[in-house]
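The values are calculated or read from the model by the stated rules, or taken from the named source; none is laboratory data. Just so you know, these numbers come straight off a predicted model, no measurement behind them. Reconstructed Cβ throughout: ideal geometry from the backbone, glycine too, with neighbour counts over all protein chains shown. Heavy atoms of the whole protein, side chains included, go into the accessibility calculation; ligands, DNA and RNA do not. Shrake-Rupley method; radii C 1.70, N 1.55, O 1.52, S 1.80 Å.
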Amino acid sequence: MDDIIIKVEDLSIAYDDKPVLWDNDIDIVKNSRTAIVGPNGAGKSTLIKGILGLKKKLSGKVSIMGKDIREVKKEIAYIPQSSSVNWDFPTTVIDVVLMGRYVHLGWIKRPAKSDLKLAEEALEKIGMLEFKDRQISQLSGGQKQRVFIARAIAQDATIYFMDEPLAGVDNKTENVIIDFLKEAQKKGKTSVVVHHDLNTVKDYFDHIIILNKRVVAQGKVEDVFTRENLRKASMVGDFIV
Ligand SMILES: Nc1ncnc2c1ncn2[C@@H]1O[C@H](COP(=O)(O)OP(=O)(O)OP(=O)(O)O)[C@@H](O)[C@H]1O
Ligand SMILES: [Mg+2]
């Protein structure tokens with residue numbers, strides 16, 4: 001039996017009174033690279049928000065490392081879907097990345113030199129160090145996305161949640177992100193990534209959750225990433241074979 005790091009039981013979530021996810025049981029395997037796939041509006045982003053306690057549940061229970069999310073916040077890095085983020089707040093690139101370090105700071109709340117070093121290394125890794133003093137609002141869409149990747153890298157979390165991190169980034173950045181996830185896996189970390197390109201699922205991930213309001217299938221990519229399951233989630237047309 002694989003170790004389960006996140007257990008979701010009977011999860012239902014609604015906006016106003018319109019349910020968008022119902023009755024979902026999900027096991028996320030420890031040390032996996034797990035993709036969440038499903039059509040637009042399937043509830044992928046909502047699922048992540050539900051797991052992280054950012055969206056109220058109609059019903060259900062989530063446990064992360066056997067605990068409530070509030071007890072393990074420090075262990076979790078989250079990159080929201082970029083189209084849902086307001087990028088206009090007045091702050092510099094390096095400050096955004098340093099936010100990834102704040103979870104580790106005590107009550108004094110001042111980043112140390114070592115935090116700054118980690119933040120700069122993360123920017124270097126993603127090719128954004130030269131922009132470190134730039135206002136975040138003065139970056140291109142893909143560059144902003146890279147800054148948020150750097151923040152997650154700097155955080156050194158146990159579980160990485162990324163909501164479409166590859167949307168709108170160039171090929172080189174895509175490779176850096178995937179290499180980062182593979183390296184993180186070697187260090188025992190787990191990642192949960194909303195992903196749209198079905199053609200790269202097999203290369204990038206080892207586990208998958210196929211979602212369309214309900215979980216259609218979950219498990220190892222080699223077992224459940226099938227045309228039949230994609231058809232059940234109404235997404236066969238996206239898959240070019
Ligand atoms: N703040 C909101 N208020 C009302 N309805 C919402 C809200 N956010 C999402 N929804 C609805 O909930 C459903 C699921 O949305 P969600 O953003 O989770 O989908 P998704 O699978 O992430 O889609 P995408 O691939 O487009 O990112 C959709 O029908 C969406 O219209
Ligand atoms: Mg989404």
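Worth a mention:
- Accessible area in square angstrom per residue, the chain, 1.4 angstrom probe: 51
- Flagged links, alpha-carbon separation over 24 Å, of Lys67/Lys187; Lys187/Lys232; Lys67/Lys144; Lys44/Lys232: Lys187/Lys232; Lys67/Lys144
- Against the chain, whose longest principal axis comes from its Cα atoms, helix 171-186 is set at around 80 degrees.
- Shape call, the range 128-199: gyration tensor on alpha carbons, a/c limit 1.5: oblate
- P(r) tail for the range 4-238: Cα pairs beyond 30 Å make up 24% of the total.
- Only Lys, Arg (+1) and Asp, Glu (-1) charged, at Cβ; the range 4-238 dipole about Cα centre in debye: 520
- Label-point separation, Val103 to Gln135 (7 Å along Cα→Cβ), nm: 2.9
- Efficiency of FRET between Ala112 and Asn86 - r from beta-carbon atoms, R0 30 angstrom, step 0.05: 0.55
- Just the protein heavy atoms count here, and of the accessible area of the chain at 1.4 Å, carbon and sulfur take up 48 percent.
- Extension gain (nm, one decimal) between Asn175 and Lys56, 0.36 nm per residue minus Cα-Cα: 39.4 nm
- In loop segments of the range 54-147 as defined by DSSP, the chymotrypsin sites (Phe, Trp or Tyr not before Pro) with at most 11 further C-beta atoms inside 10 Å of their C-beta are Trp107.
- When each of the peptides 136-149, 167-180 is scored by how many other beta carbons lie within 10 Å of its residues on average, the order from highest to lowest is 136-149, 167-180.
- Placing +1 on each Lys and Arg Cβ and -1 on each Asp and Glu Cβ, with no other charges, gives the range 17-122 a dipole about its Cα centre of roughly 260 debye.
- Distance between the 7 Å Cα→Cβ label points at Lys30 and Glu124: 3.3 nm.
- Rounded FRET efficiency, nearest 0.05, which uses the C-beta distance separating Glu228 from Gln185 and R0 of 30 Å: 0.60
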